[in-house]
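Have a look at the structure below before the remarks.
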Amino acid sequence: MEYSVKQAIPGKQPSPCVVVAVHERQQLSPAAAQLDKLSRGYLRTILKRGDIKGKCGQTLLLHDVPWTRCERVLLVGCGKNRGMSPRDFRKVLQQTARTLDRHGVREADCHLLEVDVEDRNLEWKARQAAEVMTATLYRFDLLKRKEDRQPVRLRRVHFDVPEEQARAARKALRQGKAIAQGMTLARDLANLPGNLCTPTHLADEARRLANSDRRFRIQVLDEKRMQRLGMGALLAVARGSRQPPRFIVLEYRGDPGGGAPYVLVGKGITFDSGGISIKPAAAMDEMKYDMSGAASVLGTLAAVSRLALPLNVVGVIPSCENLPDGNATKPGDIVTSMSGQTIEILNTDAEGRLILCDALTYSERFKPRAVIDIATLTGACVIALGKHYSGLLGNDETLLKQLGEAGETSCDRPWRLPLGEEYQEQLKSNFADIANVGGREAGTITAACFLARFTENYPWAHLDIAGTAWLSGPHKGATGRPVPLLVQFLLDRAAEAAPQS
Ligand code: BES
Ligand code: MN
Ligand code: ZN
């Protein structure tokens, strides 16, 4: 989808569709009022008839509004005529995109950026508009036959913005679009089934991304290299699979000054059967999305490159399948991680932390400014926070606060859980340095406690996205989260480094 900025008086220029806001109690937005005047009171007549109440997200499509030069007018309800919540604004954008596309509108002139959103400026509104509209029209029908695919019909949206703010709005639209494209990449990868999205496929996708920008450098380590590095925990998970594991290191150099990099570590389990501690059959298909952390790292790096952010960012992706096999790791097996710590694998289904711990140790070599790992790590996180908030834990207050703020800005929020020392006891092993599971209580926290043992040498945060990366039920599929959160976090860091011109 293409987004642009222009100055337009609604209804005066030819347009396939003009989009304007109406509020409750028959109140018109400034653009709607202009259109009403031009049409000699037509909009007010419609509102009086009560076809649209102006409730948030309601829409009404009108054709051939008299005395105007547009083919259609879309009225969009924006609630009470005062600052709306960011969430409501996103709902408005979703409904707008859906309605336009459903009616086959290919190009629209949108006057929705003039509505007030509590504590948010025009740039925010423009960034959200591009992100939300693209994300709303996402579909995954690559694997259906051609006749059953539904191509997106809405191609282009022009936003009316005052001349003096056009530059800022254009930049914000570019950011929103880059975020949306990153989300699309992440969603495509997570929706792709395990037979197609293998560790090798992930590596190929990372290579494809690396080839698109000279600022990238990529390395893909094979099993031998992992052995030599001593990644015994990762290799213990990979053993049960016929698919070879891959360890992807994708470096983006946007700061030639050589600033310490932000390292993003993404869990890349391309299918999680649980291994010998096998999962129940119900909904096991959904475990193809157990590489959503990896997908969000690639999506974020794609956006970072498109926006040419002046930062150094490294994506680290440990990837393999978790399957049962005669050669698979068994409960009770003890392995040595790259850090030297030995791990008693009491449950082979707690495999995420096993591949992550070696990736986290590997990440020390970048002397990172901060490391953020992103993982569909625990079912307990889905129970605790549901699909709305990602779990957030870590060892650095500043980093955690920055992620919280980026969550507020992007509307892709994390919620903090405590990483108390008390919980470490649950990971005691009678036979090794540490056990890979901590019992039923506080599953998300003990998982993070496990990772904390491998992240003592740098500022670190952990995002548990088990609930947020995927929707079950009728809208089953990947969400693209937390790409918006991560890109916003990096945009904020870039702005800090180089205060706005
Ligand atoms: N990938 C799962 C976590 C998961 C579960 C994500 C459900 C999304 C939905 C992870 O590898 C796992 O199996 N975790 C176990 C840990 C347990 C054995 C300590 C879990 O949450 O049950
Ligand atoms: Mn598992
Ligand atoms: Zn898993």
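Using Cβ counts within 10 Å as a stand-in for footprinting exposure, how do 460, 415, 67 rank, fewest first?
The most exposed by this proxy come first: 67, 415, 460.
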Tell me the Kirkwood radius of region 2-153: reciprocal of the mean inverse pair distance over distinct alpha-carbon atoms, in Å. 15.9
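Any idea what the alpha-carbon Rg over 2.2 N^0.38 Å comes to for region 245-398? Kindly include the intermediate steps, with their values, before the conclusion.
On the way: Rg = 16.6 Å, N = 154, 2.2 N^0.38 = 14.9 Å.
Compactness ratio reported: 1.11.
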Rg/Rh for the chain, where both radii come from Cα atoms and Rh is the Kirkwood radius: 1.03
Degrees, to the nearest 10: 122-136 long Cα axis against longest axis of the chain: 70
With the contact rule set at Cα under 8 Å and sequence spacing of 6 or more, what percent relative contact order holds for the chain? 13
Pairing the Cα long axis of helix 199-210 with the longest principal axis of the chain, what angle in degrees results, from 0 to 90 and rounded to the nearest 10? 50
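How high is the relative contact order of region 257-316, in percent, counting Cα pairs under 8 Å that sit 6 or more residues apart?
Values: 68 pairs, mean separation 31.7, N = 60.
Normalised by residue count, the contact order of region 257-316 is 53 percent.
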Region 68-79 - phi-based ³J(HN,Hα) in whole Hz, Karplus 6.51/-1.76/1.60, Gly and Pro as x: 10, 9, 9, 6, 9, 10, 9, 8, 10, x, 10, x
Burial order of peptide ranges 472-479, 435-442 (average beta-carbon count within 10 Å, highest first): 435-442, 472-479
Amide H partners (placed H, <5 Å) of residue 159, local residues excluded: 4, 5, 6, 110
Please give the length that would be gained between residue 170 and residue 416 if that part of the chain were fully extended, namely 0.36 nm times their separation in residues minus their C-alpha to C-alpha distance (nm, one decimal). 85.2 nm
Rounded to the nearest 10 degrees, what's the angle between the helix 443-452 long axis and the longest principal axis of the chain, both from Cα atoms, 0 to 90? 70
Note down the nm distance, to one decimal, between modelled labels 7 Å out along Cα→Cβ at residue 327 and at residue 428. 3.8
Please list the non-local residues whose amide H lies under 5 Å from the amide H of residue 312, H modeled 1.01 Å from N, same-chain partners needing a gap of 5 or more. 254, 255, 262
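How big is the antiparallel share of DSSP beta bridges in the chain, given as a percent to the nearest 5? It would help to have the intermediate numbers written out before the result.
On the way: 31 of 72 bridges.
Here the share of antiparallel DSSP bridges comes out near 45 percent.
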Sorted by mean Cβ packing within 10 Å, highest first, what order do the peptides 181-191, 26-36, 6-16 take? 181-191, 26-36, 6-16
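Which value at 222 nm does the chain reach when only helices count, each DSSP H run of 4 or more adding -39,500 (n - 2.57), with the total divided by all residues and rounded to the nearest 500 deg cm²/dmol? Mind dumping the intermediate values first?
Numbers: 14 runs with 173 residues, N = 501.
Helix contribution divided over all residues of the chain: -11000 deg cm²/dmol.
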In nm, the gap between the two label points placed 7 Å beyond Cα toward Cβ at residue 51 and residue 365 is 6.5
How high is the relative contact order of region 1-138, given as a whole-number percent (alpha carbon pairs under 8 Å, six or more residues apart)? 28
Long-range HN-HN contacts of residue 349 with modeled amide H, under 5 Å: 277
Burial ranking of peptide ranges 404-411, 275-282 (average Cβ count within 10 Å, highest at the top): 404-411, 275-282
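Taking region 382-428, which trypsin sites (Lys or Arg not before Pro) meet the DSSP loop condition and have no more than 13 other C-beta atoms within 10 Å? Walk me through the numbers on the way to the answer.
Values: sites: 387, 401, 416, 428; in loops: 387, 428.
Passing sites in region 382-428 are 428.
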Phi angles of region 99-115, converted by Karplus (6.51 cos²θ - 1.76 cosθ + 1.60, θ = phi - 60°) into ³J(HN,Hα) in whole Hz with x for Gly and Pro, give 5, 4, 5, 4, 8, x, 6, 8, 8, 9, 9, 10, 10, 8, 6, 7, 6
How large is ³J(HN,Hα), in whole Hz, for each residue of region 358-370 in order, when computed from phi with the Karplus curve 6.51 cos²θ - 1.76 cosθ + 1.60 and θ = phi - 60°, using x for Gly and Pro? 5, 5, 5, 5, 4, 5, 4, 5, 8, 6, x, 5, 6
Region 130-245: Rg to Rh, with Rh as the Kirkwood radius over Cα pairs: 1.11
Filter the trypsin sites (Lys or Arg not before Pro) in region 124-156 to those in DSSP coil with at most 16 other Cβ atoms within 10 Å of their Cβ, and list the result. 139, 144, 145, 149, 153, 155
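Here, each number is a calculation from the coordinates, and none is a lab measurement. Given the structure is predicted, the values throughout are model-derived calculations rather than measurements. All Cβ positions, even for glycine, are placed from backbone atoms using ideal geometry, and neighbour counts span all protein chains on display.
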